[in-house]
Ligand SMILES: [Zn+2]
């Protein structure tokens, strides 16, 4: 599993229930949507103490949008629009 660290954020951690520097990370994921394979960077919060990824509702929403964007972009010939 390859994680890319995007930033740190001091906040209440959903994994260990403490306030600390939570890592915001992204991980490439491939899912199948309507028979189309979509690879997109999914965003998670990561607790170093528990070694656990958390997907908050906000992130779930964000990841869903990224996934759907990836789906429409992938109808071309693999020219991915990575920001
Ligand atoms: Zn934590």
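The values are calculated or read from the model by the stated rules, or taken from the named source; none is laboratory data. Fair warning: this is a prediction, and the values are worked out from it, not measured in the lab. No Cβ is skipped: glycine too gets one built from the backbone with ideal geometry, and neighbour counts run over all protein chains shown.
Quickly run through the range 16-32 and pick out the residues that are more than 13 Å from the ligand (Cβ to nearest atom), loosely packed, with under 14 Cβ neighbours inside 10 Å and farther than 16 Å from residue 2 by Cβ. Scanning the range 16-32 gives a single hit, 32. When the residues of the range 41-52 are filtered to those that are crowded, with 18+ Cβ neighbours inside 10 Å and closer than 10 Å to residue 15 by Cα, the one that is nearest to the ligand (Cβ to nearest atom) is 47.
Please verify whether the range 53-71 includes one or more residues that are part of a strand (DSSP E or B), modelled with pLDDT of 95 or more, surrounded by 14 or more Cβ atoms within 10 Å (Cβ to Cβ) and in contact with a strand residue (DSSP E or B) (Cβ under 8 Å, 6 or more places away or on another chain). Checked the range 53-71: at least one residue is part of a strand (DSSP E or B), modelled with pLDDT of 95 or more, surrounded by 14 or more Cβ atoms within 10 Å (Cβ to Cβ) and in contact with a strand residue (DSSP E or B) (Cβ under 8 Å, 6 or more places away or on another chain).
Only one of the listed residues (3, 23) is farther than 17 Å from residue 69 by Cβ, touching a strand residue (DSSP E or B) at 6+ places or on another chain (Cβ under 7 Å) and at pLDDT 95 or above. That residue is 23.
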